[in-house]
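Novice: I'd like to ask you about the structure that follows.
What follows is calculated from the coordinates using simple rules that are stated; it is not laboratory data. Quick caveat: nothing in here was measured; it's all calculated off a predicted structure. We place every Cβ from the backbone using ideal geometry, glycine too, and count neighbours over all the protein chains shown.
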Amino acid sequence: MKLAVLQMVSCEHLDQNLAQAQTLLAQAAQAGAELAVLPEYFCLIGHHDRDKLGIAEAFGSGPMQRFVAQQAHALGLWVVAGTLPLVAPEPDRVFNSSLVFDPQGQCVARYDKIHLFRFNNGTEAYDEARVLQRGSEPVHFDLPSRDGHTWRVGLSVCYDLRFPELYRHYAAQGADLLLVPSAFTHTTGQAHWEVLLRARAIENLAYVAAAAQGGVHTNGRRTWGHSLVIDPWGGVLAQLPEGAGVVVCDIDAAALAQWRAQLPSLQHRVLE
C-alpha cells in the first residue's frame, strides 16, 4: 500500500491551513497514495492555548470536518485528519481528536488523545491540560487496501509516543501500521523523535507513519518536523526534515509477514 504523511507549518488562520492541507492532499493523491495522514493541529497553531476553543466543533459537524470529508471523497483517499479540536463535556475544554475518513467521505474512526503533554525547561513551557480534556480509549480501524491486504491501523497522537503500553495494546489487537500525527517541539524532537518512533516500530514489528508539524510558526514556536515512515525492522524508509511537503512511501504486507515470521517476538511475551 502506498501511504503519504503530510508535513505542515500551520499558523493561526484556519482558512490558510485548510488551503495548505488541500494542496498537500492533492499531491498525495496524485502520487498514488491510498492513505494520507495530516499532522497534529493541522487546522490551527495559534498564539494562545485558548485559541483552540474558538474553532472547536461538535463531533459530526462543522467546517473542518466537512473539509476533510469532502477532500477524502473528491480525491478517493483515506484521510486521517491529524488532530482537530472537538467539543468536550468539561467547560473551556476540548478533545484533541484524530478523525479517520474513508474514500466515500464517511468518518469511520475517532481517537481522542490520551496523554497530555507538559514540559518546562525554564525557557519553553507547555501544558496541554490547560485546555484539553484527555481521551481514555485506544482506537484502531481496518483499511482494505488495493494490494489485497486489510491493514489494521492503530491511532495515536504526538506525546502518546512516550507510552509504549498504548502501542503494545494495538499490537495485541493485530495492528500492523501505527500512526503518530504530531507537533513535537524542536527541543524534544531533536532529542527523542526518531529513536522513540523506531523503538515503537521494532518492539511491535509494525510499520510506523508519523506526520509532523515542521518549521517556525507565526507564534514563534519551532516544531521539529522530520515526518517519516519506518519499517518493522526499524529502518527509515522516507523522511522530510523541515517545511511543508509530502512523504510518499510503499509499505509491504509480505515483508511485514516475513519480519514477524523470522523474529516472532510478539509471540514470546510473558508479562502483561
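Novice: Projected onto the charge dipole of the chain (+1 at Lys/Arg Cβ, -1 at Asp/Glu Cβ, origin at the Cα centre), which of ALA211, LEU53, LEU197 gives the Cα projection farthest towards the positive end?
Specialist: Sorting the options by dipole projection puts first LEU197.
Novice: Another question, then. Give me D for segment 60-197 in µm² s⁻¹, whole number, from Stokes-Einstein with Rh from the Kirkwood sum over alpha-carbon pairs, 37 °C and 0.692 mPa s.
Specialist: 204
Novice: Here is a further query. With +1 assigned to the C-beta of every Lys and Arg and -1 to the C-beta of every Asp and Glu, and no other charges, what is the dipole magnitude of the chain about the Cα centre in debye, to the nearest 20?
Specialist: The dipole of the chain has a size of about 160 debye.
Novice: With equal scatterers on the alpha carbons only and no solvent term, can you work out the Debye log10 of I(q)/I(0) for segment 92-157 at 0.21, 0.23, 0.28 1/Å?
Specialist: -0.89, -0.98, -1.18
Novice: To continue, here is another question. Which one of ALA36, PRO144, GLN65 has its Cα pushed farthest toward the positive end of the charge dipole of segment 2-153, where Lys and Arg give +1 and Asp and Glu give -1 at the Cβ?
Specialist: PRO144
Novice: Calculate the length of the line joining the C-alpha centroid of segment 116-147 to that of segment 179-232, in whole Å.
Specialist: The two parts, judged by their Cα centres, are 13 Å apart.
Novice: In angstroms, what radius of gyration and Dmax does segment 206-272 have, counting Cα atoms only?
Specialist: Looking at segment 206-272, its Cα Rg and Dmax stand at 16.2, 48 Å.
Novice: Let me ask something additional. If segment 1-138 were replaced by its equivalent ellipsoid, with semi-axes equal to the square roots of 5 times the Cα gyration tensor eigenvalues, what would those be, largest first, whole Å?
Specialist: 26, 16, 14
Novice: Excluding LEU116 itself, what net charge comes from residues whose Cβ is under 12 Å from its Cβ, given Lys and Arg +1 and Asp and Glu -1?
Specialist: +1
Novice: Using the count of nearby Cβ atoms within 10 Å as a rough guide to exposure, how do SER265, SER156 rank from fewest to most?
Specialist: Going from sparsest to densest Cβ surroundings: SER265, SER156.
Novice: What fraction of the Cα pairs in the chain, stated in percent, has a spacing above 25 angstrom? All intermediate terms of the calculation are to be shown ahead of the outcome.
Specialist: Values: 14387 of 36856 pairs.
In whole percent, the long-distance tail amounts to 39.
Novice: Tally Lys/Arg at +1 and Asp/Glu at -1 over every other residue whose Cβ is under 12 Å from the Cβ of ALA201; what's the total?
Specialist: -2
Novice: Compute the signed sum of charges (Lys and Arg +1, Asp and Glu -1) over the other residues within less than 11 Å, Cβ to Cβ, of GLU34.
Specialist: Net charge around GLU34: -1.
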